[in-house]
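The values are calculated or read from the model by the stated rules, or taken from the named source; none is laboratory data. Just so you know, these numbers come straight off a predicted model, no measurement behind them. Cβ: placed from backbone, ideal geometry, glycine included. Neighbour counts: every protein chain shown. Surface accessibility is based on the protein's heavy atoms, side chains included, excluding ligands, DNA and RNA. Shrake-Rupley method; radii C 1.70, N 1.55, O 1.52, S 1.80 Å.
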Amino acid sequence: MIDVTLESVSKRFARGGDTAAVDDVDFTIAAGEFFTLLGPSGCGKTTTLRMVAGFYFPTSGRIRFGEEDVTRRPPNKRDTGMVFQNYALFPHMSVAQNVAYGLKIRKVGRADAKRRVEEALGQVHLAGYGDRRIDELSGGQQQRVALARALVIRPKTLLLDEPLSNLDAKLREETRTEIRRIQKEAGTTGIYVTHDQAEAMAMSDRIAVMQSGRVQQIGAPQDIYHRPATSFVARFIGRSNVLSLPVLAATEAGVTVGLPGGGEIAAPAPAGHGLRQGETALVSVRPEHIGLTTTTDPGALPGRIAEVEFTGMATNLVVDTAGEQVQVAAVDVPAGLAVGDQVGLRLNRERMWVVRP
Ligand code: ADP
Ligand code: MG
């Protein structure tokens, strides 16, 4: 268990043109933390993880494990366990032989290796499966073997690149809880890569949201959900409306913005937001934090219903307001609400948040 620091790390590929695959990334992952790199396909997650593993060296910047600079150290000298999307198991070997692979390379003695393989299979709840063939196992079991193989070397860091992508939805949910349990019990520092925001939220101590090679925001799942830094983060994590509204007044803690229709509302903003009266603020508000009211409610945003969809748990509405379409997820809606009806939208001011472009 060790902390991992990336200092101004960038990676440009020879065939990558002018754009950096990873662009000036900085963070420290605490020892024992479960840290997730989250973002859309192509944003640089795998490249970042491969630099931590040593499969790629950064074009610039430094990587440290604890106090040690490992920037140009080869992968086999880093004590990292790695799990991939496609498992990368040896199909012709037994479960035990697959798990023992890293120990064989490290020249661990036979008796010691046997004990450690059993211990690792126990950690992933596959005790007694050592003699099975890989192709006799389900996808979920194969993924556990891959985890055991990574854990058996007692790695300082456990690196996982979209390990659940090949599993069906139900198994994916079960296995994500398992992976977190195993990482915590093994007492290793976990770095996890996914494009699935629900998975990231459910598993992580902290998340780094990436876009186009850059880190947009780092924080606990609740921080990122309730206080997204940018409009990209607001829209990528869950669903959100990002409204452009005129600033009527500004303080350090927030802004008062004007609503189309004449109302005004105070929205909290991050320290140092720098907005002034007369400028336009981007205000994020999630569909579940908007209530329905009448058009005559003075604090409400007036609009006209464009879509109604009943999902059981909530009714999803799309409402045309001056300039923007607003998504609403309302738990209680008046009976008979229909497309074309005029409504007022009441924004929950505690749940609004000013974001950067
Ligand atoms: P992610 O894992 O987030 O989907 P990657 O880290 O795989 O993203 O890729 C980031 C960017 O770097 C992409 O634009 C990708 O095309 C590019 N890239 C990745 N690996 C290579 C490579 N070996 N050579 C050239 N470009 C690469
Ligand atoms: Mg990837």
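Residues with amide H under 5 Å of ALA281's amide H, sequence separation 5 or more or different chain, H placed in the peptide plane at 1.01 Å from N; which?
Long-range HN contacts for ALA281: LEU245, VAL247.
I'd like the orientation of helix 139-151 relative to the chain: the angle between its Cα long axis and the longest Cα principal axis, in ° from 0 to 90, rounded to 10.
70 degrees
For region 130-184 and region 17-45, what is the separation of their C-alpha centers, rounded to whole Å?
Centre-to-centre distance over Cα atoms comes out at 22 Å.
Would you pull out the residues with amide H under 5 Å of THR230's amide H, same chain only if 5 or more places away, H placed 1.01 Å from N?
Amide H to amide H, under 5 Å and 5 or more residues apart or across chains, THR230 pairs with ARG356.
What number comes out for accessible area per residue over region 239-355 if the probe is 1.4 Å? Units Å², please.
So region 239-355 comes to 50 Å² accessible per residue, rounded to a whole number.
In degrees between 0 and 90, to the nearest 10, how far off the longest principal axis of the chain does helix 95-105 point, with axes built from Cα atoms?
Roughly 70 degrees, rounded to the nearest 10.
Can you give the net charge of the other residues whose Cβ lies under 13 Å from the Cβ of MET203, counting K and R as +1 and D and E as -1?
-2
Sum up the charges of everything whose Cβ sits under 10 Å from the Cβ of PRO155, counting Lys and Arg as +1 and Asp and Glu as -1, but leave PRO155 out.
Result for the neighbourhood of PRO155: +2.
Per residue, how large is the accessible surface of region 101-159? Use a 1.4 angstrom probe and give square angstrom.
54 Å²
For region 7-161, what's the relative contact order in percent, using C-alpha pairs closer than 8 Å and at least 6 residues apart?
Taking the mean separation of contacting Cα pairs over the length of region 7-161, I get 24 percent.
How many angstrom lie between the C-alpha centres of region 85-127 and region 197-227?
Using only Cα atoms, the two centres lie 33 Å from each other.
What are the semi-axes of the equivalent ellipsoid of region 239-355, taken as the square roots of 5 times the eigenvalues of the Cα gyration tensor, listed largest first and rounded to whole Å?
26, 14, 11
For region 239-355, which whole-number percentage of the solvent-accessible area (1.4 Å probe, protein heavy atoms only) is attributable to carbon and sulfur atoms?
In region 239-355, the share of accessible area belonging to carbon and sulfur is 51 percent.
Sort MET82, MET352, MET1 by accessible area with a 1.4 Å probe, largest first.
So the residues, ranked largest to smallest area, are MET1, MET82, MET352.
Quick one: angle between helix 110-123 and the longest Cα principal axis of the chain, in degrees between 0 and 90, rounded to 10, please.
20 degrees
Kirkwood Rh, Cα Rg: Rg to Rh for the chain?
My calculation puts Rg/Rh at 1.08.
ALA30: net charge of surrounding residues, Cβ under 14 Å, Lys/Arg +1, Asp/Glu -1, itself excluded?
Net of charged neighbours comes to +1.
Working out 0.36 nm times the residue gap between ASN76 and ASP131, then minus their Cα-Cα distance, what length gain in nm do you get to one decimal?
17.1 nm
Given the rule -39500 (n - 2.57) for each run of at least 4 DSSP H residues, summed and divided by the residues of the chain, what is its mean residue ellipticity at 222 nm, to the nearest 500 deg cm²/dmol?
Counting only the DSSP helices, I get -7000 deg cm²/dmol.
Under the definition of Cα pairs under 8 Å and six or more residues apart, what whole-number percent is the relative contact order of the chain?
15 percent
Out of the total accessible area of region 4-231 (probe 1.4 Å, heavy atoms of protein only), what percent is carbon and sulfur?
Summing carbon and sulfur atoms, their accessible area is 47 percent of the total for region 4-231.
Under the definition of Cα pairs under 8 Å and six or more residues apart, what whole-number percent is the relative contact order of region 239-355?
Relative contact order of region 239-355: 30 percent.
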